[in-house]
Each structure stands twice: as structure tokens, then as C-alpha cells.
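Visitor: The structure follows.
The values are calculated or read from the model by the stated rules, or taken from the named source; none is laboratory data. What you are looking at is a predicted structure, and each value in this text was computed from that prediction instead of being measured. Virtual Cβ from ideal backbone geometry, glycine too; neighbours counted across all protein chains shown. These area figures cover heavy atoms from the full protein model, side chains too; ligands, DNA and RNA do not enter into them. Shrake-Rupley method; radii C 1.70, N 1.55, O 1.52, S 1.80 Å.
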Amino acid sequence: RCEAIDAPRLSVLRECGSERESGRMRREGLAGGLTVFSALALSRFLPGCSGFVIGAPLVAPQQQQQPAAAPWECARQCVTSSASASSSRRRLGGARAVASEASDTLAPLSAHAEASRRKILVLMSDTGGGHRASAQALSRAMESLYPGRWECEILDIWTDYAAWPYKNFVSYYQYVAKRPMLWRALWLWGKFPLTRFAQERHCAYLNYRRFEACLRERVEEGLDAVVSVHPLCQTLPLKILDKLGRREDIPFVTVVTDLASAHPTWFHRAVDKCFVPSDSVYGIAKRCGLPDDKLELRGLPLREPFWRRESRPKEQVRRELDLPQDKPTVLVVGGGDGVGGIAKVAKSIAAELGDREASLVVVCGKNDVARADLEAHDWPGRVAVSVVGFVSNMDEYMAAADCIVTKAGPGTIAEAATRGLPTLLSSYLPGQEAGNVKFVTKQHKFGTFKRRPKKIAATVRDWFDDDASRQQMADHAVKAAKLHATTDIARDIANIISQHKLLRTLDPA
């Protein structure tokens, strides 16, 4: 690779390396020092070059035999870059474009590595099932990519540390989510600059010391990074880290878990990186003041079963779930909290399909009232109905279905896309989920939106009568899916931390 470099540039790169770390070269030897900083400089100025192992001769990537000893050492041992210069500059930005993707295959843990596992704090709130699901997905991806090397703590900081009334966010959400007009009013209250400022000041007045105690404890224990998967977990934690004097030491990353609409509170200019799931959210982030070098378009973090396509035939999955194998199946879900009027929708669909052989599966989530109502209902004889509560194998139910009826929750939409499911949206939260409707119906065209239960039922019947149209929507859904989003985000977070640690080592000031 070095044969393509002209002599003047190579001379400049060597001089830069020598000047920046002359002290280390004296300690470790001139040859090792030149190798380290020649590789770093090559990565900075020639982003197309890759595959340099520090402490060994420069060789092609395929000649390297030893994987990295630990994920936070990847930046020291393997300096690589993106496929193109523009991609590298946009994704890592300026001087941070020192290292790139860490290896997925790592050496067994040494005693030192075991004792120095990197600690990540994932901040969230259980306002809806999507935030915790995303946090758990990222934690699982870190463990899958780098076994035993990261310790991810998932913290509902509002429930566990906030003062009243903020500690009751979860119960407030469950109440307001069933009243769309009230939700819209609160959404606009938090979006308007003056009311948002007043709310943030009031929140800080009541919760600053509580959150400070929470973060101080973890910083003293050796916190390496903070990841937020909730729109209300940016402003106050960032302010506290700055007050503690550790903002430069601890990278702060936001992972947006709203699919196509996003509240301005998601986007704080002080974060090191903000991962967004779609082009529309990327645009919102830009309008909120985040520059391109802090934004990364990846997709939505999904649970591990959705990281790959379903390989089993539908008939086999249905048999394992004890569902009819030879009947067209519609899946009705209402998110983790079971909202969206699923009882009325399910009854209407069953009535519409009553004169044909069909299968209806209703996932009620935590809505025990709806589940009890549906279990007591007298269903049409030719429609096989299965009613369940909260399930942990939603991937299997989606794999068994021919189409899905759901509220416009971001997680369910993204998961349905990985299974190629035509998606019928029945409701949405104003503001937060409005963009998700356009994402499905206009941008990617793998579904439609109907609000009234009778129209929903008629649409399902039409889909079952038109196999070609249903297959076309299924193909569009597959194209819209981002199967590798979770692992890509986890790998990027590991790289950000590794690069940050390396830069702090090279230039502690």
C-alpha cells in the first residue's frame, strides 16, 4: 500500500508522527513509534488505506493473524478507515477519524481485560416498550460482537432517581397515550421554545441534585460512555457531566428510537454522535442544529431475532406456535401497552372474514382488559382466533403472519419490515408517530392507514383476495428493512469509545 505514496508525503507523515510522540518513541523504540504514527497519519490523510497493525510491519489485512485483545484496544492495534474519504469525514469527523470498524472476532479475555471491562450507561425511560427494547438490543449487540468486554447498565433514570411528578412518567404516559388530543397538547408544549425552556428549568430545579448523585456514583466507578435512547435523557445528564468536569473524558451518544418523526428534545448539539433511523429524522436533526459529522444514519435498534431473515417456512412456524397451517393469517398488535383499540379492530376483522377460512392472532401486550374481553368473545366458526398477552417471541408471530394490523409504533413497523409484512396502521400518536404513517404508506409503500375498524377489516379482506398486491407490499417492506442497524450502531459506539480513549492518550490536554 505504501508503494502508492509519493516520497514527499511519506516524509511529512513520518515527521508528524515523530513530533507528536517523541517521548513515547524514546520509551518504546524509534521503529515502533514510527510505525504507530505513520499508520495514524495514513488513516487521517489517506482514508482509502486500511489494514495497519501497530507494532508490526505494514502488511495487507489478509496477512494479519492476531485479532484485537480488547475492544478498547482496537484503535491502538488496528487502524483502519472507511471505504471512502467523504464517508470517513462525515461519520467520524476531523481529527476523530483515527480508527474505524473494530473486529467482530476478538481474542479470549485476559485477566487484565476481565478486570477492566468498559462500562456504558444506557439512559432511558419506560414510556412505551420501545425505549427499553432498544436499550436491551444494543446491550445484546455489544455482548455479541465483543463477548465479555463491555458492561452495559440500562437505567430508567426518571423512575429511579427523579422527584415527583417526574418519577411518575411511566404511568402518565400510559394515561396520555390513550388520549391523542391530550398527547398532542403535551407534544406541542414541549416543542414550543418558551414552554420548553420553562419546563427544562423546572425539571432541573427538582432533579439536578438527584441526577448528579446518580451520575457521580457511576463516574467514580469508571464510567466510559453514556448512551441515551430517550428524548428526555440528553439535556440534564450532559449538563451534569460538564459540571463534574468529565464531559471531555466520557463520550455521550444519542440513539433516536423514533422512526420518522422526532421531538426536538432528541437533538442536543453537545453530543458526540447522534444515530438516526431514517432520512426524515436526519433532516429534523439538521434543522435542530446538529452538523453532519455528528449524525449517522443507521436504522432502528431491534431485538436480536430481527437481525436476520426468518429461514423457516410459514407453515413450520405456525405449527410450532400451534396455529392453523393452511389458513391465511392476520396479526393484530397494539404495542407493548396494547393501545390502539385492538379489541374493536379484532372483532371487526373476524366478522369480515367470518365466511372464509382464516386465522386471526391478537397480541394484547399489557392490556389485560382487552385480553379478557377478547377471550370471552363469541367468534365466527370459520375464523381460528388466538388471543395472547405480552409475548417475547414476536418475531415468530410475525413470521407466521401474512399481514399485520398495528398502531404506528416505530419498533413494530421496523420489525414487521424485516419479516416482509404488509402493514395496516390503525392509529398513531399525534406528533410523535405521525411521520411513521408517511414512512409506511408513501415513502416505502408497504402498507396503508385506516382508522375505523370496519375499514380496517375490509382492507384485510381485500389483501387476502389480492395475492399480487400483497406480495408487492411484502417486497417493499423487505427493501425498507435495516437488518444490521443494531450491530452497526453497537460497533460504531465501540469505535467512538476506542477512538476517544486513544485521542485522550495521545493528547491528554
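Visitor: At pLDDT below 95, outside any helix (DSSP H, G or I) and either within 20 Å of Ala137 (Cα to Cα) or over 18 Å from the mean Cα position of the chain (by Cα) (or both) - does that describe any residue in segment 192-206?
Guide: Yes, that holds for at least one residue.
Visitor: Right, another one. I'd like to verify a number: residues in segment 435-453 that are more than 30 Å from the chain's Cα centre (by Cα) and either closer than 15 Å to Val330 by Cα or of a type in the set (S, T, N, Q) (or both), how many?
Guide: Residues flagged as more than 30 Å from the chain's Cα centre (by Cα) and either closer than 15 Å to Val330 by Cα or of a type in the set (S, T, N, Q) (or both) within segment 435-453 amount to 1.
Visitor: Now, a different point. Mind checking which residues of segment 313-338 are open to solvent by 70 Å² or more (accessible area, probe 1.4 Å) and either assigned to a strand (DSSP E or B) or of a type in the set (Lys, Arg) (or both)?
Guide: The answer is Arg319, and nothing else.
For every residue, the table says whether it meets (1) within 29 Å of Leu206 (Cα to Cα); (2) open to solvent by less than 10 Å² (accessible area, probe 1.4 Å).
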residue	(1), (2)
Glu221	yes, no
Val226	yes, yes
Pro237	yes, yes
Asp242	yes, no
Phe275	no, yes
Ser280	no, no
Gly283	no, no
Lys286	no, no
Leu290	yes, yes
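Visitor: Give me the residue from segment 344-383 that is among the polar types (S, T, N, Q) and free of Cβ contacts under 8 Å to residues at least 60 places away in the same chain and, out of that set, least open to solvent (accessible area, probe 1.4 Å).
Guide: Ser359
Visitor: Here are some residues: Asp475, Asp466. Which one is open to solvent by 50 Å² or more (accessible area, probe 1.4 Å), closer than 22 Å to Pro324 by Cα and of a type in the set (Asp, Glu)?
Guide: Of the residues listed, the single one that is open to solvent by 50 Å² or more (accessible area, probe 1.4 Å), closer than 22 Å to Pro324 by Cα and of a type in the set (Asp, Glu) is Asp466.
Visitor: Among the numbered criteria (1) closer than 28 Å to Tyr173 by Cα; (2) out of contact with any Phe, Trp or Tyr (no Cβ under 6 Å at 6 or more places or on another chain), which one does Glu396 miss?
Guide: Looking at each condition in turn, Glu396 falls short on (1).
Visitor: Next up: All but one of (1) without any contact (Cβ under 8 Å) to a residue 40 or more places away in the chain; (2) touching a helix residue (DSSP H, G or I) at 6+ places or on another chain (Cβ under 7 Å); (3) of a type in the set (Ser, Thr, Tyr) hold for Thr459; which doesn't?
Guide: For Thr459, the failing item is (2).
Visitor: Tell me the residue from Glu143, Glu153, Glu217 that is surrounded by fewer than 17 Cβ atoms within 10 Å (Cβ to Cβ), acidic (Asp, Glu) and assigned to a strand (DSSP E or B), please.
Guide: The conditions single out Glu153.
Visitor: Right, something else. Filter segment 407-425 for residues that are farther than 15 Å from Gly299 by Cα and at pLDDT below 95; which is least open to solvent (accessible area, probe 1.4 Å)?
Guide: Ala408
Visitor: Then there's this: Name the pairs: first residue in segment 150-163 and among the polar types (S, T, N, Q), second residue crowded, with 21+ Cβ neighbours inside 10 Å and modelled with pLDDT of 95 or more, Cβ to Cβ under 9 Å, at least 6 apart or on different chains?
Guide: Once the first residue is among the polar types (S, T, N, Q) and sits in segment 150-163, its partners that are crowded, with 21+ Cβ neighbours inside 10 Å and modelled with pLDDT of 95 or more give Thr159/Ser125.
Visitor: Quick check on Val253: is it buried (at least 19 other Cβ atoms within 10 Å of the Cβ), among the aliphatic types (A, V, I, L, M) and outside any helix (DSSP H, G or I)?
Guide: Judged against the criteria, Val253 is a match.
Visitor: Got a number for residues in segment 219-261 being within 14 Å of the chain's Cα centre (by Cα) and either free of Cβ contacts under 8 Å to residues at least 40 places away in the same chain or more than 23 Å from Leu300 (Cβ to Cβ) (or both)?
Guide: Total satisfying the criteria: 3.
Visitor: In segment 165-178, what residues are touching a helix residue (DSSP H, G or I) at 6+ places or on another chain (Cβ under 8 Å) and outside any helix (DSSP H, G or I)?
Guide: Selection gives Pro165, Ala177.
Visitor: Looking at segment 426-457 only, could you name the residues that are in contact with a Ser or Thr (Cβ under 8 Å, 6 or more places away or on another chain), crowded, with 21+ Cβ neighbours inside 10 Å and in a loop (DSSP other than H, G, I, E, B)?
Guide: Matches in segment 426-457: Ser426, Gln432, Glu433, Phe446.
Visitor: So how many residues does segment 273-312 have that are free of Cβ contacts under 8 Å to residues at least 60 places away in the same chain, touching a Cys at 6+ places or on another chain (Cβ under 7 Å) and part of a helix (DSSP H, G or I)?
Guide: Counting residues in segment 273-312 that are free of Cβ contacts under 8 Å to residues at least 60 places away in the same chain, touching a Cys at 6+ places or on another chain (Cβ under 7 Å) and part of a helix (DSSP H, G or I) gives 1.
Visitor: Among the residues of segment 389-401, write down those that are surrounded by fewer than 22 Cβ atoms within 10 Å (Cβ to Cβ) and farther than 27 Å from Arg298 by Cβ.
Guide: If the condition is that a residue be surrounded by fewer than 22 Cβ atoms within 10 Å (Cβ to Cβ) and farther than 27 Å from Arg298 by Cβ, then Gly389, Phe390 are the ones that fit.
Visitor: Which pairs do you get when a residue that is on the phi > 0 side of the Ramachandran plot, found in segment 119-134, comes within reach of a residue that is among the aliphatic types (A, V, I, L, M), reach meaning Cβ atoms under 8 angstrom, with the pair 6+ apart or on two chains?
Guide: These pairs meet every condition: Gly128/Ala177.
Visitor: If I filter segment 296-312 down to residues being closer than 16 Å to Trp266 by Cβ and hydrophobic (A, V, I, L, M, F, W, C), which single residue comes out as surrounded by the fewest Cβ atoms within 10 Å (Cβ to Cβ)?
Guide: Leu297
Visitor: Still on this structure: Going by what's in this entry, would Ser386 be described as modelled with pLDDT under 95, surrounded by fewer than 24 Cβ atoms within 10 Å (Cβ to Cβ) and polar (S, T, N, Q)?
Guide: no
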